[in-house]
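Contents: one structure, followed by commentary.
Derivation of every value follows stated rules applied to the coordinates shown; laboratory data play no part. Computed from a prediction, not measured in an experiment: that's the story for all the values here. So basically every Cβ, Gly included, is an ideal-geometry build from the backbone, and we count neighbours across all protein chains shown.
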């Protein structure tokens with residue numbers, strides 16, 4: 001409430017040199033398409049570093065699993081009959097869908113892919129140009 005009465009300097013942010021990581025060769029077609037879709041925008045925003053490769057790869061692989069599970073659930077019944085005949089049960093694809101969706105959502109926040117994550121982020125130092133400058137003029 002009183003700001004910084006001691007006048008102590010703010011702690012320095014830990015940063016990594018900016019750069020675009022290479023996509024892993026093991027990404028499947030859907031994951032690679034997602035990589036190709038998001039990496040140019042993240043690079044343009046100045047939030048990527050080569051050390052982000054693992055997080056990006058995990059996000060893209062989870063996205064691919066999410067898409068596969070979504071397609072499976074769209075093409076199949078949402079409930080499955082149990083083997084013992086004990087009535088309907090949730091389709092087993094729901095577990096894959098839910099886990100992939102959770103991973104995608106968590107990593108999207110970390111990678112600044114969601115609007116809310118971008119709004120809460122601190123603009124990188126030294127970037128004086130704002131693409132939104134003059135938008136309301």
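Observations on the structure shown:
- Extension gain (nm, one decimal) between residue 105 and residue 23, 0.36 nm per residue minus Cα-Cα: 27.5 nm
- The value of relative contact order for region 29-120, using C-alpha pairs under 8 Å at least six residues apart, is 31 percent.
- With 0.36 nm allotted per residue and the present C-alpha distance subtracted, the residue 78-residue 90 stretch has 3.7 nm of extension available.
- Maximal additional length on extending the residue 68-residue 49 stretch stands at 4.0 nm, based on 0.36 nm per residue less the C-alpha distance.
- For 75, 52, order by how many other beta-carbon atoms lie within 10 Å, fewest first: 75, 52
- Kirkwood Rh in Å, taken over region 29-120 so that all alpha-carbon pairs contribute: 14.7 Å
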